[in-house]
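What follows is a short report on a single structure.
The values are calculated or read from the model by the stated rules, or taken from the named source; none is laboratory data. Since the structure is predicted, the reported quantities are computational estimates derived from the model, not experimental observations. A quick note on method: Cβ atoms are made from the backbone with ideal geometry, for glycine too, and the neighbour counts reach across all protein chains shown. SASA here: full protein model, heavy atoms, side chains in, ligands and nucleic acids out. Shrake-Rupley method; radii C 1.70, N 1.55, O 1.52, S 1.80 Å.
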Amino acid sequence: MSRIPAENSPLVVQNTPGYNSWSFVQALGNTLVCAYSRGKEHRIEERCRGVYARTSTDGGMTWTTETLVVNTPEFGECATGTGLDADGSLLLWVRCTGEASRHDLYRSGDGIKFTRIASLHLDPVPMQIMNIFSVPGVGLMTFWFAGKYRDLAENSWGTLTSRDNGMSWQQQVVESGLPKGAWPTEQSGVYLGHGRILAIARVEKNAGTVEPCQFQLESSDYGVTWQKMQTNIGDVRESTPSLIWNAESGLLSNYYYQRNQGWLKRRVAALDTVWGKPRQWPLPEMVAAASTNDYHAGNVDAIAWDGKHFCTFYSGNETQTDVLLVAASAPTECRSAGA
């Protein structure tokens, strides 16, 4: 296992009292935007939970005063995904958990003022809608997954696509009736060119004997059909992945947080090494260290910006968690293959 680079000390985005968590980072010009939610504990349905954002123009060293995106008394609100629209504005998914749960999409040109542009009532109702990316000829695309985290064959996943820059969305169900161990969740996808899309997905702990390794999802026809495979990435515990694709170098970077161990890791692979060969992911690198306190740390989200990879995640305990940011050097080569 590699050592953690000394320059990878986490920067604090938000550490005000409360459960600051489930953060997402995006870049608008020379500004970093970090969106996150805050409540009192690790519960999405608590009515006090709202969504907030801060911006930075010095690479995350300092942050502006917190902006309120949304916090209503009727819902527990969480950020679940971000991305850019066709004009370069920030898009932010917010899950509203209440008597009639829904998913709202907000747009911002500066990371300070947010406007709701869509409100989705879907069937199946997603647990989360993930990061948005662009697919030529299709428009905007994102993954979703739905289920109740029980060991029953009741879970599903698929995609959402928008041809009008995020104003409306069409839902596609790829798989349904899945047991928990075969259910890909919290998917992170990238468009590779020539109709190819690759995503890495979290695997949920289950009562069976299924090896707990992240899933790899592949499409060669612009997302019309999909193949689901199991990777060799087993140093996980409900570890949310975040993919970065570098078309110039041909490298894929998969960031994830190994809960209980407290390690933020990444695996870097040449596309030709892992496309259609999901068990060929190289050995992991250490990126940063944080809390080992069960589920009270994790959920990394990463972007490439200004020659580096910026990764946000949360870390703490049952009642106090902080939103953190790490600026890691972008990889230039792969490590050797391994488990």
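The table below lists the values:
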| quantity | calculated |
| --- | --- |
| Accessible area per residue in Å² at 1.4 Å probe, computed on the chain | 40 |
| Whole-angstrom gap from the stretch 121-139 to the stretch 60-97, using each part's C-alpha centre | 16 |
| Which of LEU91, PRO10, LEU105, positive extreme of dipole for the stretch 2-130 (C-beta unit charges) | PRO10 |
| For Cα extents along the principal axes in Å, calculated from these coordinates, the label among (1) 64, 44, 33; (2) 47, 46, 42; (3) 83, 40, 31 | (2) |
| Dipole moment magnitude, nearest 20 debye, the stretch 246-330 about Cα centre, only Lys, Arg, Asp, Glu C-beta charged | 320 |
| Most mobile listed residue (ASN20, ASN155, ASN246) in the chain, GNM with C-alpha springs under 10 Å | ASN246 |
| Cβ-placed point charges (K, R +1; D, E -1), dipole of the chain about Cα centre in debye, nearest 20 | 340 |
| Fluctuation leader among LEU283, LEU91, LEU324 - the chain, Gaussian network, Cα springs under 10 angstrom | LEU283 |
| Residue pairs, from the table LYS205/LYS277; LYS228/LYS277; LYS40/LYS148, whose Cα atoms sit over 18 Å apart | LYS205/LYS277; LYS40/LYS148 |
| Percent carbon-and-sulfur accessible area, the chain, ignoring ligands, DNA and RNA, probe 1.4 Å | 49 |
| Most to least packed among 64-77, 128-141 [average Cβ atoms within 10 Å] | 128-141, 64-77 |
| Net charge of neighbours whose Cβ lies under 15 Å from the Cβ of ASN20, counting Lys and Arg as +1 and Asp and Glu as -1 | -2 |
| Sorted peptide list for 215-221, 121-127, 312-318, criterion being average Cβ within 10 angstrom, highest first | 312-318, 215-221, 121-127 |
| Long-range amide H partners of ARG259 with built H, under 5 Å | ARG237 |
| Probe 1.4 Å, all protein chains present, accessible-area order of ASP235, ASP110, largest first | ASP110, ASP235 |
| The stretch 1-130, dipole about Cα centre (Lys/Arg Cβ +1, Asp/Glu Cβ -1), debye to the nearest 20 | 180 |
| Using a Förster distance of 25 Å, the FRET efficiency for GLU45-ASP123 (Cβ separation, nearest 0.05) | 0.80 |
